[in-house]
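Trainee: Can you keep this structure in mind? I'll have questions shortly.
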Amino acid sequence: MCGIIGYLGYREAYPILISGLKKLEYRGYDSSGIAVFFENGYNLYKTKGRVHELEQKISSYRIKIKGTMGIGHTRWATHGIPDNINAHPHVSNSNELIMIHNGIIENYYAIKIILLKNGFTFKSKTDTEVLVNLIEYIKEENKLSLKEAVRISLNEIVGAYSIAIVEKSHPETIVIAKLGSPLSLGINEKEFFVSSDPISFIDYTKNVLYLKDGEMAILKKGKELDLRKIIDNHRLNPIIKQLKINLKEIEKGKYKYFMLKEIYEQPKTILDTLRGRLLIPEKIICINGIESNKNIFINAKCITIVACGTSWHASLIGEYLLEELARVRVEVEYASEFRYRNPIVGEKDIVIVISQSGETADTLAALKLAKKKGAFVFGICNVVGSSIARNVDAGAYTHAGPEISVASTKAFTAQITVLILLALIIGRYKSTINENRYKFLCEELGSIPEKVDYVLKTDDIIKKISQIYHNVNNFLYLGRGINFPVALEGALKLKEISYLHAEGYPAAEMKHGPIALVDETMPVFVIATKKGYYNKIIGNIQEIKARKGKIIAIVNEGDIQVNMLADHVIKIPNISEIFSPLITVIPLQLFAYQIAYIRGKNVDQPRNLAKSVTVE
Ligand code: F6R
């Protein structure tokens, strides 16, 4: 994780670095630092804490940081606790090389031992300080230029990195390199912007180069970009793309937190995901990446879906959808498990990878493994041009727009929407859905944004329920069938932003263990929609009531039975069970938000987490 940034040009670097780092804080925010260069020297400041704390610290020194080149970092700790010393930038022993890094150097310890034997000393516990000193060692031993020393050192590295490094005596040059962690370069006529995410330089340029794995670039003031392969120094032709981001999408507007804004955006984002793909009057659904690989989808005997976290929950929903509508066997795997097994995936198989960021290290590694095994890999990603999006055989973007809050909400419903479209398309190809049902479902799908809008109006009821339970420490979330993954997602949302314990469970499994936890202090969310398993769910509610648990039920409009049993009800519109996760998850997202808000947590940037998990 971590966010890195750099600037080289004619403007003052400091404000560009600070504002860019603030936009990268979703990648990590436990410490931050900058170095701004002038002739033969630099100002370096770093601190434990967020970028605004760094800014405050610098302004308390009452100095003006001047210079038109600089680098900066916002950290998510891997090696060494978050503190002033482990914060980046890191400086080599001679004080000559200054570096920032995102990723993990796996063989750092072996390298550190060699460097220690050669007289190097270390202030921090980081792998980054080892790498910057390795570069120095190789540079000095072999009398190399910085560029060549970086290249040779990186060929010795096992792990993942995106780095930017500067030599104190040559403050007109930045060397950057990438393997595994994202790195983009913004380019204007007389300036370069380096960043983990182009979102941080969009105010200045829309010309972007996404470095590929194994590439490095030498940025020199007033000179053309020099792009090289790390392995053999081969010169490459840069391919510059145009960024398409609407600035409004990355502002909070009237909302206190991005999470709330993103929850409220869902009627629009679901519509955006459907736009141009679902033609309601004609009852046509089309996604190009599926259409052009029609036979692969028709003939697949098994589809494996691989993802992490919330995207993994969407994958579980995908399993129900594809099995129900397309009658194809589906396996869902955690990417981190899939990549280290020897999964049975072969040439006729489809592997679907799902990722909001498109940068999750485990998902990317799983993708590469699936491709190596000959599978056809289909991606469902939100971030356009992300590493996963660039590496799949075909795919569909979710079009949810930038998701800034660490807790994923609108990306989740957009992923489910793509999975619904996918299941309906394959079902139609294979005639596993009859024509009448298909037409009905197309029609109903079109009505979902409106229904989500309706559920958002339950926020006042949810606020009241949150007031009652915000001091409770344990929550249970129950669902059955396609709403079981929604229960998992509701529990995850609460855990990650409120730091409360919550567990999601298939409702009937509860009596095989978790029911022992239920007493009069335990609130239990139950997704009790009318279709599907209604009578069974009523039985489960009775079991909880018999143990004095408190029931917060999500029910359909017009419900009578659960209404009578539950302590609180949240009413949602009627919808086919297979589409219901798009509706039932909304109150759970709102509840998690309200509890975190009442408890005074930083909703958008919960402790220990980062938006893009680019380390395994
Ligand atoms: C939870 C959350 C995470 C992500 C997970 C995968 O709210 O956001 O669990 O879902 O880290 O991230 P992506 O989808 O970017 O691969």
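Trainee: In terms of Cα to Cα distance under 12 Å, which aspartates and glutamates are near enough to residue 493, apart from those fewer than 8 places away along the same chain?
Mentor: 503, 604
Trainee: Within the stretch 17-111, report the GluC sites (Glu not before Pro) that DSSP leaves as loop and that have at most 10 other Cβ atoms within 10 Å.
Mentor: Numbers: sites: 25, 39, 53, 55, 96, 106; in loops: 39, 96, 106.
Qualifying residues, ordered by number: 39.
Trainee: Can I ask one more? Taking the C-alpha atoms of the stretch 78-129, how large are the radius of gyration and the largest Cα-Cα span, Dmax, in Å?
Mentor: For the stretch 78-129, the Cα radius of gyration and maximum Cα-Cα distance read 10.7, 28 Å.
Trainee: Further question: Given 25 °C and 0.890 mPa s, how large is the Stokes-Einstein diffusion coefficient of the stretch 366-470 in µm²/s, with Rh as the Kirkwood radius over Cα pairs? Don't skip to the end; give the middle numbers.
Mentor: Numbers: Rh = 16.8 Å.
In µm²/s, the coefficient rounds to 146.
Trainee: Let me know the Rg and Dmax you get for the stretch 3-245 when you use only its Cα atoms, in Å.
Mentor: Taking only Cα atoms of the stretch 3-245, I get Rg and Dmax of 16.3, 50 Å.
Trainee: If you don't mind, there's one more thing I want to ask. So what is the orientation-averaged projected area of the stretch 145-209, using the convex hull of its C-alpha atoms, in nm²? Intermediate results must be reported in sequence, preceding the final value.
Mentor: Working: hull surface 20.0 nm².
Computed as one quarter of the Cα hull surface, the answer is 5.0 nm².
Trainee: Cβ neighbours within 10 Å, averaged per peptide: list 495-508, 346-359, 393-406, 214-227 in order, most packed at the top.
Mentor: 346-359, 393-406, 495-508, 214-227
Trainee: Along the principal axes of its C-alpha atoms, what lengths does the stretch 1-131 span, in descending order and rounded to whole Å?
Mentor: Here the spans come out as 41, 33, 25 Å, largest first.
Trainee: Report relative contact order for the stretch 454-535 in percent, whole number only (criteria: Cα-Cα under 8 Å, sequence separation at least 6).
Mentor: Numbers: 95 pairs, mean separation 28.0, N = 82.
With pairs under 8 Å counted, the relative contact order is 34 percent.
Trainee: If one computes the Cα centroid of the stretch 573-616 and of the stretch 396-431, what distance in Å separates the two points?
Mentor: Taking the Cα centre of the stretch 396-431 as reference, the centre of the stretch 573-616 is 16 Å away.
Trainee: At what distance in nm do the modelled label points of residue 62 and residue 242 sit from each other, each positioned 7 Å from its Cα along Cα→Cβ?
Mentor: Here the answer is 5.0 nm between the modelled labels.
Trainee: For q values of 0.08, 0.10 Å⁻¹, compute log₁₀ I(q)/I(0) with the Debye formula on a Cα-only model of the chain, without solvent.
Mentor: Reported log10 I(q)/I(0), two decimals: -0.60, -0.90.
Trainee: If you don't mind, another one. From the mean inverse distance of alpha carbon pairs (Kirkwood) and the Cα radius of gyration, derive Rg over Rh for the stretch 71-165.
Mentor: Values: Rg = 12.1 Å, Rh = 13.2 Å.
Answer for the stretch 71-165: 0.92.
Trainee: Using only DSSP helix segments of four residues or longer, with each worth -39500 (n - 2.57), what per-residue ellipticity at 222 nm results for the chain after dividing by its residue count and rounding to 500?
Mentor: Mean residue ellipticity at 222 nm (helix-derived): -10500 deg cm²/dmol.
Trainee: Counting only C-alpha contacts under 8 Å and six or more residues apart, can you give the relative contact order of the stretch 392-531 as a whole percent? Could the numbers behind the result be given before it?
Mentor: Numbers: 109 pairs, mean separation 27.1, N = 140.
Answer for the stretch 392-531 is 19 percent.
Trainee: Right, here's the next one. When ranked by the protection proxy of mean other Cβ atoms within 10 Å per residue, highest first, what sequence do the peptides 280-292, 121-133 form?
Mentor: 121-133, 280-292
Trainee: Dipole of the chain, Cα-centred, from +1 at each Lys and Arg C-beta and -1 at each Asp and Glu C-beta, to the nearest 20 debye?
Mentor: Magnitude of the dipole: close to 380 debye.
Trainee: Same structure, new question: Assuming R0 = 41 Å, what is the FRET efficiency of residue 439 and residue 547, from their Cβ-Cβ distance, to the nearest 0.05?
Mentor: So, using R0 = 41 Å, E works out to roughly 0.35.
Trainee: Taking Cα atoms of the stretch 249-446, Rg/Rh with Kirkwood Rh, to two decimals?
Mentor: That ratio is 0.97, to two decimals.
Trainee: May I ask you to derive the FRET efficiency for residue 254 and residue 117 from their Cβ-Cβ distance with R0 = 60 Å, giving the value to the nearest 0.05?
Mentor: So, using R0 = 60 Å, E works out to roughly 0.50.
Trainee: Students often check this: by mean Cβ neighbours within 10 Å, which of 439-445, 360-366 ranks highest, and how do the rest follow?
Mentor: For the peptides 439-445, 360-366, the packing ranking is 360-366, 439-445.
Trainee: Continuing with this model, one more query. Please state, to two decimals, what the Cα-based radius of gyration of the stretch 454-604 comes to when divided by 2.2 N^0.38 Å (N = residues). Display every interim value, and only then the final one.
Mentor: Numbers: Rg = 13.9 Å, N = 151, 2.2 N^0.38 = 14.8 Å.
Here the Cα radius of gyration is 0.94 times the empirical estimate.
Trainee: Please give the Cα centre distance for the stretch 361-376 versus the stretch 159-218, rounded to the nearest Å.
Mentor: Cα centroid to Cα centroid, the span is 26 Å.
Trainee: Give me the tail of P(r) for the stretch 2-59 as a percent: Cα-Cα pairs with distance above 17 Å.
Mentor: I get 34 percent for the Cα pairs in the stretch 2-59 exceeding 17 Å.
Trainee: Just name one of 255, 176, 196: the one whose Cα is farthest towards the positive end of the charge dipole of the stretch 149-286 (beta-carbon charges, Lys/Arg +1, Asp/Glu -1).
Mentor: Going by the charge dipole, the pick is 255.
Trainee: Considering Cα pairs under 8 angstrom that are at least six residues apart, work out the relative contact order of the chain and quote it in whole percent. Spell out each step's value before the answer.
Mentor: Values: 1373 pairs, mean separation 71.7, N = 616.
Reported as a whole number, the value is 12 percent.
Here, each number is a calculation from the coordinates, and none is a lab measurement. Here the structure is a predicted model, which means the values were calculated and not measured. We place every Cβ from the backbone using ideal geometry, glycine too, and count neighbours over all the protein chains shown.
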